[in-house]
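FYI, it's all coordinate maths here, none of it is from the lab. This one's a predicted model, so the numbers in the text were calculated from it and none came from an experiment. Here the Cβ is made from the backbone with ideal geometry for all residues, glycine too, and neighbour counts use every protein chain on show.
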Ligand SMILES: C[S@@+](CC[C@H](N)C(=O)[O-])C[C@H]1O[C@@H](n2cnc3c(N)ncnc32)[C@H](O)[C@@H]1O
């Protein structure tokens, strides 16, 4: 099953009917804040020790004594992601979905229930000067019933470090696997790990059940990543559909002879004639989503 999240009521309605909870909220006009120092992809992964760089040493000094609130929606002096009400709303949907997912599925003989967050961020978001709320990885970590394993990835090294610090005080820390680098590459490593877990036949046990949340800030997600995840046995996908990024890039990308970010996001050039037919109309994105997901089946 795949659900798309975007800044539009009709997308919310799709998710709401899965969660079976209160009606979709009103639109929020604030844009999500794009933040985070972009680091070049370093194809390293895991939580292994690394030589602390100066920003890590500085942060280390800042955070002494704050560990007790690492998992709480409070300031803990670690890096946070600046965000707006839109991000809060999106994460509220995620939280409700995750809770329904784990509560309804926990008593089946899965060999594991995995949460995969490929654009994880640092674990906390700050809205304005005072409001702090949990980011997607910590929401999943604090759900009513824990997952068997958590796979978190982000290409920003500082984000991964902050997330690791926060996870380190969780009783579930042994279940957390953090990856630094481009998720469109890291996904192969994560998918292979899960496939390895599933490969061995265990009598009476079902393959693992997986939930992936893909929350790129712009057009950073390649469709090939979605396809890789979808090839795993039991995979629920929640994908953030970057409406604003697409609206910005599509007019230029439509006529480009090169492979554009939009082509990579949709996984082919099939979006181009759809865009030409429906541009300027509200149905455009519905058409694009339907066409793209139809290719997954
Ligand atoms: C919208 S934020 C995610 C926020 C997060 N879900 C939360 O709830 O706090 C997008 C994140 O993706 C990371 N990112 C951007 N491009 C990436 C890529 N190609 N691979 C991995 N991470 C990437 C950014 O560093 C940023 O932390």
Study note, to complete from the structure: Kirkwood radius from Cα pairs of the stretch 124-167 plugged into Stokes-Einstein at 10 °C, 1.306 mPa s, gives D in µm²/s equal to 136
Check your understanding: Is the stretch 128-194 best put as rounded, prolate or oblate by its Cα gyration tensor, with a ≥ b ≥ c the root eigenvalues, rounded for a/c under 1.5, and otherwise prolate when a/b is larger than b/c, oblate when not?
Key -> oblate
Practice item. Using a 10 Å cut-off on Cβ atoms, rank the peptides 142-155, 181-194 from the highest mean neighbour count down. Key: 142-155, 181-194
Study note, to complete from the structure: Classified through the alpha carbon gyration tensor (a ≥ b ≥ c as square roots of its eigenvalues; rounded if a/c is under 1.5, else prolate when a/b is larger than b/c, else oblate), the stretch 194-251 comes out prolate
Point to revise | Ranked packing of 212-219, 104-111, most packed first, by mean Cβ within 10 Å | key: 212-219, 104-111
**Study point:** residue 172-residue 199 FRET efficiency (beta carbon distance; Förster radius 30 Å; 0.05 resolution)
**Key:** 0.75
Revision key, fill the gap. The computed P(r) of the stretch 243-297 puts the percent of Cα pairs beyond 20 Å at 13
Check your understanding: For residue 88 and residue 293, FRET efficiency with R0 = 41 Å and r from the beta-carbon atoms, rounded to 0.05?
Key -> 0.95
Study note, to complete from the structure: On the formula 1/(1 + (r/R0)^6), with r taken between the Cβ atoms of residue 185 and residue 144 and R0 of 51 Å, the FRET efficiency rounded to 0.05 is 0.95
**Study point:** For the stretch 126-255, diffusion coefficient by Stokes-Einstein and Kirkwood Rh (Cα), 10 °C, 1.306 mPa s, µm²/s
**Key:** 95
